[in-house]
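What follows is one structure encoded as structure tokens, with my remarks underneath.
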Amino acid sequence: MKQPHITVVGAGLAGSEAAWQAASRGVRVTLYEMRPKVSTAVHRTGLFAELVCSNSLRGASLENAVGLLKEEMRRLGSLVMREALANAVPAGGALAVDRTGFAAGVTAALEQHPNITVVREEVREIPDEGVVVVASGPLTSEPLAAAILRFTGEKALSFYDAAAPIVNIETVNMEKVFRMSRYGKGEGDDYLNCPMTKEEYEAFYQALLSAEKAMPHNPEDERVCFFEGCLPVEEIARRGPDALRYGPMKPVGLIDPRTGRRPWAVVQLRQDNAAGTLYNLVGFQTSLKWGDQIRVFRMIPGLEQAEFERLGVIHRNTFMNSPRLLHPTGESRTRTGLFFAGQMTGVEGYVESAAGGLVAGINAARRALGQEPIAFPRETAIGSLMHYITHADPEHFQPMNIAFGLMPPLEGPTVKDRRARKRMISERALEVLASWAPAALGLPAAAE
């Protein structure tokens with residue numbers, strides 16, 4: 001008997017997770033990845049699941065919606081979560097990874113899986129036969145993007161995304177910075193902090209406002225915008241003189257041990273690789289021209305002589321109008337056996353993209369095995385996210401991170417304590433997942 005087979009297009013976070021989930025269910029997978037033969041504006045390697053913006057997968061606590069999403073994925077055997085945990089670097093209350101170690105781990109796992117065949121070629125059309133998962137990402141090559149538009153009959157939606165600079169730690173003036181995590185989270189000293197006085201902050205703010213952008217906002221396309229969760233630092237600054245101090249430069253939870261006082265503002269640096277030689281500027285995604293980036297960011301105390309191993313870049317992300325096009329299973333509404341996954345479906349964030357791949361991989365495998373795709377319970381973070389992107393208002397659809405607000409409210413009396421309420425929503429989600437997964441997916445959700 002011929003082994004069931006699916007095709008996965010794209011080996012980013014979503015495609016890698018989809019291939020792993022399907023292969024783990026005994027389905028043969030052909031995984032296509034165009035890199036390194038064909039690259040993009042932001043990728044640097046041919047490794048699968050390469051992280052191009054931040055190295056952070058955000059909060060790890062169950063009082064954080066993305067922390068719940070990660071835990072659900074971990075319990076369902078997620079490859080992305082396995083390698084993220086294996087390649088974690090200090091990041092306070094967040095989960096951040098060594099980019100190279102993480103991507104190399106995902107790549108090795110997929111290349112060595114007996115059910116997966118990797119093909120390093122660009123796919124220019126949607127395969128017209130068999131079960132297919134398209135997870136080519138928001139930087140899909142032009143030919144494939146055109147093919148997807150022809151298939152959907154929709155106008156592509158888009159927004160701009162940005163990456164933060166990375167500095168060499170050896171070039172940071174350690175006499176001006178201090179180690180401390182906000183509120184002492186993690187090991188208590190996971191971040192480097194560049195403190196600013198009021199005068200230093202105001203000078204930096206003015207320099208940021210006057211710096212030249214590499215890519216101006218496109219006023220002609222109302223649907224092209226910056227994603228709020230990844231807003232360039234200069235765009236935040238334009239919202240007012242204190243916007244940065246209440247955003248990426250907020251000093252709360254940090255006391256400079258040399259003065260015993262909270263700084264006026266702080267720029268945090270987070271470890272970017274396992275060796276601890278590279279640090280990224282937290283929340284400093286930027287669209288500034290490179291010369292201005294160096295000039296302005298060297299005004300930050302401690303970075304006066306900093307060498308930037310990577311400067312910030314900005315790129316245009318394309319996504320689909322999923323409420324019109326997809327079922328909550330990730331399957332196309334018009335073609336049985338065709339699934340879409342990842343950021344191109346309108347989820348925002350690394351973990352969310354991988355979660356979409358998990359859903360598409362499981363359901364593509366089910367199609368290949370002659371079973372019906374299945375939607376995750378809405379009480380779970382995975383189910384709520386998939387429900388949102390397939391049921392939102394199609395006229396005003398924009399990318400979305402997972403949030404507790406997407407999930408059904410708790411039954412019974414209102415719990416006023418926010419942290420307790422979030423914890424209870426997470427506990428409910430994990431209980432539902434544990435009871436649902438064995439019958440629906442044929443496997444138990446892993447225990448804690």
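Please indicate, with yes or no, whether at least one residue in region 42-64 is surrounded by 20 or more Cβ atoms within 10 Å (Cβ to Cβ), in contact with an Asp or Glu (Cβ under 6 Å, 6 or more places away or on another chain), closer than 15 Å to GLY356 by Cβ and aliphatic (A, V, I, L, M). So far as region 42-64 goes, no, none of its residues is surrounded by 20 or more Cβ atoms within 10 Å (Cβ to Cβ), in contact with an Asp or Glu (Cβ under 6 Å, 6 or more places away or on another chain), closer than 15 Å to GLY356 by Cβ and aliphatic (A, V, I, L, M). In this structure, is THR334 among the hydroxyl-bearing types (Ser, Thr, Tyr) and touching a Gly at 6+ places or on another chain (Cβ under 7 Å)? Against the criterion (among the hydroxyl-bearing types (Ser, Thr, Tyr) and touching a Gly at 6+ places or on another chain (Cβ under 7 Å)), THR334 does not qualify. Checked against the criterion of being open to solvent by 10 Å² or more (accessible area, probe 1.4 Å), without any contact (Cβ under 8 Å) to a residue 12 or more places away in the chain and of a type outside the set (Asp, Glu), the candidates LYS37, LYS2 yield just one match: LYS2.
When the strands (runs of 3 or more DSSP E) confined to region 293-394 are screened for residues that are open to solvent by less than 10 Å² (accessible area, probe 1.4 Å) and under 25 Å from GLU129 (Cβ atoms), those reaching at least 2 such residues are found at 338-340.
The residue that is nearest to THR107 (Cα to Cα), among those in region 1-56 that are modelled with pLDDT of 95 or more and among the basic types (Lys, Arg), is ARG28. Against the definition (over 22 Å from GLY59 (Cβ atoms) and modelled with pLDDT of 95 or more), how does LYS198 come out, yes or no? So LYS198 fits the description; yes.
Flag: GLU121 matches the condition of being open to solvent by 10 Å² or more (accessible area, probe 1.4 Å) and touching a strand residue (DSSP E or B) at 6+ places or on another chain (Cβ under 9 Å). Applying the condition of being among the aromatic types (Phe, Trp, Tyr) and modelled with pLDDT under 95 to region 159-190 and asking which residue is least open to solvent (accessible area, probe 1.4 Å) yields PHE159. The residues listed here are ALA109, ALA84, ALA94; of these, the one that is within 30 Å of VAL282 (Cβ to Cβ) and open to solvent by 20 Å² or more (accessible area, probe 1.4 Å) is ALA94. Selection of first residues in region 352-379 that are among the acidic types (Asp, Glu) and of second residues that are in a loop (DSSP other than H, G, I, E, B) and modelled with pLDDT under 95, restricted to Cβ pairs under 7 Å at least 6 apart or on distinct chains, gives the following pairs, ordered by first then second residue: GLU352/ASN401; GLU352/ILE402; GLU379/MET407; GLU379/PRO408. For region 395-429, a residue qualifies if it is within 20 Å of ALA341 (Cβ to Cβ) and open to solvent by less than 20 Å² (accessible area, probe 1.4 Å), and the qualifying residues are PHE397, PRO399, ILE402. Among the residues of region 256-292, those that are of a type in the set (A, V, I, L, M, F, W, C), out of contact with any Lys or Arg (no Cβ under 6 Å at 6 or more places or on another chain) and open to solvent by 60 Å² or more (accessible area, probe 1.4 Å) comprise ALA274, ALA275, TRP290. Those helices (runs of 4 or more DSSP H) of region 52-167 in which 1 or more residues are under 18 Å from the mean Cα position of the chain (by Cα) and free of Cβ contacts under 8 Å to residues at least 12 places away in the same chain occupy 79-86. Scanning region 65-81 for residues that are of a type outside the set (A, V, I, L, M) and open to solvent by less than 20 Å² (accessible area, probe 1.4 Å) yields GLY67, LYS70, GLU72, SER78.
The values are calculated or read from the model by the stated rules, or taken from the named source; none is laboratory data. These figures come from a predicted structure and were not determined experimentally. For neighbour counting, all protein chains shown are included, and Cβ atoms are generated from backbone atoms with ideal geometry for every residue, glycine included. Each accessible area value is taken on the protein alone, full model and side chains, heavy atoms only, with ligands, DNA and RNA left out. Shrake-Rupley method; radii C 1.70, N 1.55, O 1.52, S 1.80 Å.
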